[in-house]
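Okay, so here's the structure we're looking at.
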Amino acid sequence: MTAARHDDGPGRGTGDGIGESGIGSDARSNTPHDTQNDAEQRLYRAISGALLSGKLRPGTALRERNLAEMFKTTRGAVRKVLALLGQEGKLDLRQNRGAFVPQPSARDVSEVYGVRKVVEAGLVAVLGAQLAGTRGTAALDALTAHVAAEEAAWRRGDREESVRLAGAFHLRLAELLDNPEVTDILRRLIARTQLFVALYEAKADSHCAPDEHREIVAALAAGATERAVAAMIGHLGEVEARVLACVEAEAADDDLTGILTGLPA
Ligand SMILES: [Zn+2]
């Protein structure tokens, strides 16, 4: 199996614009105090970064009081940041219990990858027709160059860049459609699956060749739309299967805790 380890990983670094929040500009207009605003931004970036790099484990509670002390700000400011992260699907907000790092089940993971398959299969089907003919040549050349950059990053062992470029590949396909609604939907879906990968797969260190994106581009370039659609669905299925294997491994660990301690995990 050639599960492309590079794909859809945690969005470290910047540049693909995935999962970024506009808290800076929003907060600025709402709060007159720059220091509070700075604290909100630092807190937002700290939590977001820790989530996407897999440092915060599923189910971890984020306490308002602790965060306020850590970031030398008010609980109100912390609440605002936690609410925004909740809206973005990066945290679970439970009434009267607070904010928690999400603990998506295998079913949650499958459902979101299911949506990605539907959206991105449709995307590739529409693009297949659009890229046929000479008008598509420049776009296909750019996609080929993008995949070559992914492979180069992977070969020199630059995992962070390889992961970033891999995430950007899917968004780039959407952008070719020149339909901001589609791009927006896909951006949100990618952010969710990146979080799954970060939560469950950050510990895994298996690296595989980033060849599946090339297969999709090659099929598009050959005008073989059906093959491109199948390649996209297959690719997302591979990524999903890898995340699911990690969800199951984590669930097995939880069971073990229950068995050994006699307490519910
Ligand atoms: Zn991919």
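The values are calculated or read from the model by the stated rules, or taken from the named source; none is laboratory data. Just so it is clear, the structure is predicted and the values come from calculations on it, not from any experiment. Using ideal geometry, Cβ is built from the backbone for each residue, glycine included, and neighbour counts are taken over all protein chains shown.
Confirm whether HIS146 is at pLDDT 90 or above and either closer than 18 Å to VAL109 by Cα or more than 11 Å from the ligand (Cβ to nearest atom) (or both). Yes; evaluated as a whole, the condition is true for this residue.
Would you be able to say whether some residue in segment 131-149 is surrounded by fewer than 19 Cβ atoms within 10 Å (Cβ to Cβ) and part of a loop (DSSP other than H, G, I, E, B)? Looking for residues that are surrounded by fewer than 19 Cβ atoms within 10 Å (Cβ to Cβ) and part of a loop (DSSP other than H, G, I, E, B), one finds at least one in segment 131-149, hence yes.
Take segment 154-165 and flag every residue that is away from the ligand (no atom under 14 Å from the Cβ) and part of a helix (DSSP H, G or I). Explain how you work it out, then say what you get.
Step one: list which residues in segment 154-165 are away from the ligand (no atom under 14 Å from the Cβ), which gives 155-161.
Answer for segment 154-165, where residues must be away from the ligand (no atom under 14 Å from the Cβ) and part of a helix (DSSP H, G or I): ARG155, ARG159, GLU160, GLU161.
Any residue in segment 166-184 that is among the hydrophobic types (A, V, I, L, M, F, W, C), modelled with pLDDT under 85 and away from the ligand (no atom under 16 Å from the Cβ)? No; the residues of segment 166-184 include none that is among the hydrophobic types (A, V, I, L, M, F, W, C), modelled with pLDDT under 85 and away from the ligand (no atom under 16 Å from the Cβ). Of all residues in segment 24-33, none satisfies being surrounded by 14 or more Cβ atoms within 10 Å (Cβ to Cβ), within 23 Å of ARG187 (Cα to Cα) and modelled with pLDDT of 50 or more. Residues being in contact (Cβ under 8 Å) with a residue 40 or more places away in the chain and closer than 27 Å to SER48 by Cβ are entirely absent from segment 126-136.
For segment 232-241, indicate whether the set of residues that are assigned to a helix (DSSP H, G or I), away from the ligand (no atom under 14 Å from the Cβ) and modelled with pLDDT of 95 or more is non-empty. Within segment 232-241 (the criterion being assigned to a helix (DSSP H, G or I), away from the ligand (no atom under 14 Å from the Cβ) and modelled with pLDDT of 95 or more), the answer is no, since none of the residues qualifies.
Across segment 56-69, the number of residues qualifying as outside any strand (DSSP E or B) and in contact (Cβ under 8 Å) with a residue 12 or more places away in the chain comes to 8. Of the residues making up segment 200-218, those that are at pLDDT 85 or above and part of a helix (DSSP H, G or I) are GLU212, HIS213, ARG214, GLU215, ILE216, VAL217, ALA218. If you check VAL163, VAL124, VAL119, VAL78 for being buried (at least 20 other Cβ atoms within 10 Å of the Cβ) and farther than 30 Å from ARG42 by Cβ, only one passes: VAL124.
Tell me yes or no: at least one residue of segment 219-229 is modelled with pLDDT under 85 and either in a helix (DSSP H, G or I) or not assigned by TED's automatic domain parsing to the domain that holds GLU151 (or both).
Checked segment 219-229: no residue is modelled with pLDDT under 85 and either in a helix (DSSP H, G or I) or not assigned by TED's automatic domain parsing to the domain that holds GLU151 (or both).
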